1. Mind checking the range A:29-78 for GluC sites (Glu not before Pro) that DSSP puts in a loop (not H, G, I, E or B) and that have at most 15 other Cβ atoms within 10 Å?
2. Treating the Cα atoms of the protein assembly as shown as identical point scatterers in vacuum, please give the log10 of the normalised Debye intensity I(q)/I(0) at q = 0.06, 0.09, 0.11 Å⁻¹, two decimals.
3. Quick check: pseudo-label points 7 Å beyond the Cα along Cα→Cβ at B:ASP277 and B:LEU296, how many nm apart are they?
4. Helix A:25-34: angle to the longest alpha-carbon principal axis of chain A, degrees 0 to 90, nearest 10?
5. Test of the criteria: in the range B:228-298, which GluC sites (Glu not before Pro) are in a DSSP loop and have at most 12 other Cβ atoms within 10 angstrom of their Cβ?
6. Could you work out the mean count of beta carbons from other protein chains within 10 Å of each residue's beta carbon in A:77-89?
7. If you add up the charges near A:SER132, with Lys and Arg at +1 and Asp and Glu at -1, over every other residue whose beta carbon is less than 15 angstrom from its beta carbon, what do you get?
8. Over the range B:493-628, one equal point on each Cα, no solvent: what is log10 I(q)/I(0) by the Debye formula at q = 0.10, 0.12, 0.22 Å⁻¹?
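Coordinate-derived values only; no laboratory data. Just so it is clear, the model here is predicted, and its values are computed rather than measured. Virtual Cβ from ideal backbone geometry, glycine too; neighbours counted across all protein chains shown.
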Amino acid sequence: MRNTVTQIHWSAAARLLDRDMPDGYLDERTDSASAHKEVVEPGTKSSVIFRLGVEWLALSTSMFQEVAEWSRVHKLPHHVGGILRGLVNVRGELLVCVSLDVLLGLEKSPEANRPNEQTARERLLVCNREGSRLAFFVSEVYGVHHFHPRDLKDVPATLAKAAATYISGVLHWKNKAVGCLDDELLFYALNKGLA
Amino acid sequence: MSQNRLDSLDNRSMSELFRMEVETQSAVLTECLLALERDSGATDRLQDMMRAAHSLKGAARIVGRNAAVQVAHSMEDCIVAVQNHKLILTDRHIDAMLAGVDLLGRIAQVPDEDLEGWTAEHQTEMDSFLASLSLDATLAIDPVPTTILPSKFAHPEDAPAGIRSKAPGIALQTSVPAPPASEFSTKSYAAGERVLRVTTDNLNRLLGLAGEARMGSRWLDTFAKEMLQLKRSQQGLARNLDGLKESLAEVAMSKRSAGRLNEFHDHLANFQRSMVDRLEELEQFDRRFASLSTRLYQEVLDCRMRPFADGIQMFPRMARDLAHSLGKTARLEVTGESTTVDRDILERLKAPLDHLLRNAIDHGIESPVQRQEAGKPIEGVLQLAARHSAGMLLIIVTDDGRGIELEAIRQAVVAKKLTTVELAQKMSEAELFEFLFLPGFTLKDSVSEISGRGVGLDVVQTMVKEVGGSVRVFSQNGRGTRFQLELPLTLSVIRTLIVEIGSEPYAFPLARIDTAIKLPKDKIQSLEGRQHFTLADQQIGLVAASQVLELESQTTDDDVSIVVLGDKTARYGLVVERFLGEQELVVRTLDARLGKIQNISAAALMPDGSPLLIIDVDDLIRHIENLVSGQRLTPIGRNGAGETKKTRKRVLVVDDSLTVRELERKLLDSRGYAVDVAVDGMDGWNAVRTSHYDLVVTDVDMPRLDGIELVTLIRKDTRLKSLPVMIVSYKDRQEDRQRGLEAGADYYLTKGSFHDETLVTAVADLIGRTDS
């Protein structure tokens with residue numbers, strides 16, 4: 001009895017493995033095997049690149065919990081206009097929403113002037129650093145980018161003083177200068193600015 | 001923000017700070033000891049322990065608690081011996097050191113004035129503890145370590161209550177025997193139920209997700225209704241076709257056309273059938289999902305409940321000890337231990353219950369002689385009961401003591417000029433008992449240590465009011481008193497009125513508002529520039545909600561929407577933009593990092609998922625009173641305050657010891673410097689980069705980033721390299737000093753220098769005296 005069952009499975013497996021290859025399968029695998037592989041150097045860092053108004057910025061990927069869609073922010077009375085923007089609902093949880101442009105002293109992005117209107121590319125970034133969570137809006141998210149720390153350039157003296165404090169280096173990416181944020185200092189200042 | 005925290009620390013004595021520090025460092029020590037017990041190879045923990053013990057020793061020295069200095073020092077010796085491989089850590093050492101941690105905790109609890117007496121009284125215990133950790137003792141090989149009584153029980157007074165409840169004259173009887181507190185909660189839990197510890201964060205996240213699921217089910221409901229509409233228009237289409245068929249029957253049609261028409265008809269009928277089937281499935285799913293998500297949500301809410309027994313562990317012992325100290329005999333009977341109570345309510349019940357029980361023993365229960373004369377059993381009985389009744393939680397505290405004499409209340413009320421003799425005579429029992437809840441009202445002639453200060457019952461009243469409940473007293477002269485607290489079952493769900501202020505939703509707890517009213521504009525009168533309206537013959541002043549909350553207001557042309565708040569003495573009408581309706585809300589606590597936000601108590605989600613804020617009505621009324629009486633509080637931290645800050649020199653104090661940090665802060669603050677604090681090197685490094693300071697005062701030995709590394713980083717930074725830095729450390733050897741100065745510190749002091757002027761003189765040398 002058992003032998004028959006085993007036999008059936010065995011032959012089914014053999015049939016599966018011996019089946020004809022789909023059209024183009026071999027070519028596809030050959031291309032993939034012969035393609036040029038990007039070598040990942042040790043020490044490479046991963047960052048999420050995003051745009052805030054006119055500035056492109058990067059923050060370590062490990063900080064991010066999720067990239068969420070636009071959601072309505074409720075202002076907190078007596079706190080209007082500061083770093084603290086209000087509360088926002090992300091998957092049923094109320095998170096503190098901060099304003100990165102205010103902290104960095106950047107020019108107001110056009111989106112910030114219409115606080116409760118959605119623009120197509122605007123995203124809510126949710127960060128979680130050692131259990132303390134914060135959300136902030138950005139004008140656009142490019143995605144994850146890998147780079148080696150030695151490719152970082154010094155912060156130009158022309159950058160606004162407030163922004164320069166939080167930017168540890170500048171990355172050249174797609175003809176743009178991207179400011180890499182110092183996450184330790186950034187979260188220190190944001191958390192401190194809440195109350 | 002940090003300023004507020006500092007202010008609150010300011011009111012504390014140094015001993016309190018020491019107590020807080022002991023709490024923090026004890027947790028570190030205990031955690032490390034337990035880690036070492038599990039894995040003796042975890043030697044990295046020794047460094048953490050060393051730092052904790054060292055900090056405690058220094059802090060103890062500052063507050064002059066020599067016993068604690070000795071304990072910490074002996075623990076340090078022990079750790080050093082282990083680090084130098086002179087000692088191998090065994091369970092016995094770990095027990096002894098854990099006992100040391102307990103001992104430190106107890107020393108920290110001794111009030112300043114009792115310190116001498118305590119030290120003398122506990123000398124033997126101290127000696128035996130020090131002996132147990134002295135290197136001779138620890139090096140000696142213990143032949144039968146298991147038979148040794150753990151040293152924390154070596155002294156009879158330290159044994160847990162349960163072991164020595166045979167105190168003469170007192171029978172302590174509760175339905176639960178009094179085991180050590182730590183075992184209490186598990187034992188008293190309903191038979192065999194396992195208890196899991198879940199963090200509030202986890203629970204809140206779970207609640208959030210369950211709420212999302214419920215919102216999803218609501219969306220599905222609307223979606224199903226829309227589909228029904230679709231079905232109806234499909235039916236309409238079929239009717240149209242039938243009409244067409246009828247009218248075409250009158251004309252001659254080719255066979256082919258008739259066939260096509262019939263085909264079309266059948267096709268549509270098929271469509272209709274499958275549409276009905278799908279809709280039925282959707283409706284079934286909707287019902288299942290709605291019930292599932294509602295139950296899920298309810299279960300998560302129920303997780304916030306705990307058995308009543310969890311919140312009253314300390315009372316049987318307290319009642320017993322208190323009765324004993326007053327020369328009375330009393331027992332506390334508890335019923336309804338398994339009654340589930342919202343964990344927040346349980347926490348807040350502790351102080352009121354403590355007051356009620358103390359009152360009952362002190363005022364209620366008579367002395368044994370008096371009881372015998374009254375023909376009562378010598379032993380007085382206190383009852384503490386909890387049960388659910390009609391959707392409320394009832395907590396009842398009863399004693400069989402002397403009861404409250406109505407005449408005594410009358411006399412006290414008249415004596416305190418709260419009313420006239422005639423009115424007092426006319427007052428009903430319930431009205432007279434009301435006076436007991438007034439702040440400062442007492443019937444006791446003398447204020448005793450236990451009760452009679454007249455602060456007890458208003459604490460009860462305040463707590464009960466805050467959670468939206470009520471309290472009633474029943475008393476029979478000579479027979480006893482009963483206090484009945486009626487509280488909501490949970491604080492997690494409240495009924496609210498939702499309004500719009502500054503175009504955003506805000507909720508008022510229904511229990512806290514008087515009325516909500518819509519008035520035509522012409523009903524509003526103006527007097528001396530202030531607006532008011534008349535409600536039940538009372539003039540009620542109007543305030544714009546947006547003004548109180550400092551929000552931009554949206555003017556409306558329609559009627560004025562008013563929420564009336566306050567009590568008989570002072571009522572205010574708060575003008576809002578719109579009433580959005582009544583809604584049951586699940587209360588979400590605000591992120592702790594935000595601190596207390598003025599006028600706001602919590603947040604919640606609207607049914608559509610958008611956030612809203614719940615108004616703290618008490619806070620709001622206080623705020624309105626300030627606005628109305630003209631003492632407009634200028635926003636904190638702006639204008640005035642900012643200007644004085646500018647002229648003050650700013651100093652950053654970096655130290656991982658709370659005691660040292662606060663000592664330095666107070667010392668410098670009293671000399672007019674503006675002082676910020678940082679809890680370790682990393683915190684300090686962040687602080688110097690984000691704000692401007694004139695001077696940094698730092699410790700050396702700190703977790704995360706030590707003082708030397710901090711100085712090195714500051715000296716390397718182009719913007720900070722000229723910032724003066726002073727090191728203040730326990731380390732007073734020449735090489736330590738050398739290391740600090742080589743790293744770039746401008747000054748190196750030892751911590752002894754708090755006691756004289758050295759520190760302030762050095763600061764004045766470096767950055768000058770401050771201008772204010």
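1. When the GluC sites (Glu not before Pro) of the range A:29-78 are filtered for loop state and at most 15 Cβ neighbours within 10 Å, A:GLU38, A:GLU69 remain.
2. -0.66, -1.36, -1.63
3. 2.9 nm
4. Compared with the principal axis, the helix lies near 50 degrees.
5. Hits after loop and neighbour filter: B:GLU250.
6. 5
7. Summing Lys and Arg as +1 and Asp and Glu as -1 gives -2.
8. Once normalised to I(0) and log-transformed, intensities are -0.31, -0.45, -1.51.
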